[in-house]
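The values are calculated or read from the model by the stated rules, or taken from the named source; none is laboratory data. What you are looking at is a predicted structure, and each value in this text was computed from that prediction instead of being measured. In this analysis, Cβ positions are derived from the backbone assuming ideal geometry, glycine residues included, and neighbour counts consider all displayed protein chains.
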Ligand SMILES: Nc1ncnc2c1ncn2[C@@H]1O[C@H](COP(=O)(O)OP(=O)(O)O)[C@@H](O)[C@H]1O
Ligand SMILES: [Mg+2]
């Protein structure tokens, strides 16, 4: 189903918000379609608005105005539960700050969204095993998040985002904390998902991602170029 945003505006107020309405960041009238079967890359310097764009598109951050449409419906008109179900079933999200449940093992963290969606446990376990080996972290499946490096944690977040074979994948700086081999594995997996039909959005300041993308945008001061 089509996913796009129309005339989206988002402003963060400065420190003195309330007393002084000077905006510290402003995204104005952004229009953007995320295409199925393609890897779309948005690059730009730190603070240009990449994470803001990604968060709005994947249903995590409500814009001040404008709409995000999935399958013709405006997603922020759903109630909180409806939006959470949509995100879990159809979207795979790799946040810039990777957060995992500290009391669950790697394997349990990765399987959680699929079990929550009511999928067959055996199939989910197989898929989880495939993803972990593909990302070269198969040996870590029984470890807890507190026992992982930053790069290992990031790959666990990527596996978790892909466990439900989402229609759209949103990866915020997916190569952070990774060495060259790790970057290759992560970007190849995202690339393959697009070949299999997923719409993939990567936002990154890492030039390494460029050769994996079909469509490239730059971002500057909240504007897509
Ligand atoms: N919750 C927030 N409150 C205030 N300012 C924010 C908030 N989130 C982000 N910003 C500011 O908005 C700008 C864009 O942020 P972000 O989208 O995270 O950029 P990028 O991902 O390109 O580094 C930055 O200047 C950042 O400091
Ligand atoms: Mg960011």
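A few notes on this one:
- A count restricted to the range 12-61 and to residues that are over 25 Å from residue 211 (Cβ atoms), modelled with pLDDT of 95 or more and near ligand 1 (Cβ under 9 Å from one of its atoms) stands at 3.
- Scanning the range 56-83 for residues that are within 16 Å of ligand 2 (Cβ to nearest atom) and not in a helix (DSSP H, G or I) yields 58, 60, 61.
- Against the test of being surrounded by fewer than 17 Cβ atoms within 10 Å (Cβ to Cβ) and under 22 Å from residue 41 (Cα atoms), the options 193, 139, 211 yield a single qualifying residue, 211.
- One residue from 35, 86, 53, 3 being within 28 Å of residue 196 (Cβ to Cβ), within 16 Å of ligand 2 (Cβ to nearest atom), in contact (Cβ under 8 Å) with a residue 12 or more places away in the chain and touching a strand residue (DSSP E or B) at 6+ places or on another chain (Cβ under 9 Å): 53
- Where a residue in the range 203-225 is closer than 19 Å to residue 189 by Cβ and part of a strand (DSSP E or B) and its partner, wherever it lies, is modelled with pLDDT of 95 or more and more than 16 Å from ligand 2 (Cβ to nearest atom), with Cβ under 9 Å and at least six apart: 215/35; 215/38; 215/39
- The condition (being without any contact (Cβ under 8 Å) to a residue 40 or more places away in the chain and within 19 Å of residue 176 (Cβ to Cβ)) is satisfied by just one residue among 151, 142: 151.
Per-residue answers, yes or no, for (1) within 16 Å of ligand 2 (Cβ to nearest atom); (2) within 16 Å of the chain's Cα centre (by Cα):
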{"residue": "176", "(1), (2)": "yes, yes"}
{"residue": "186", "(1), (2)": "no, yes"}
{"residue": "191", "(1), (2)": "no, yes"}
{"residue": "194", "(1), (2)": "no, yes"}
{"residue": "203", "(1), (2)": "yes, yes"}
{"residue": "206", "(1), (2)": "yes, yes"}
{"residue": "214", "(1), (2)": "no, no"}
{"residue": "218", "(1), (2)": "yes, no"}
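- Pairs, first within 18 Å of residue 52 (Cα to Cα) and assigned to a loop (DSSP other than H, G, I, E, B) in the range 9-28, second at pLDDT below 55 and more than 8 Å from ligand 1 (Cβ to nearest atom), C-beta under 7 Å, six or more apart: 14/20
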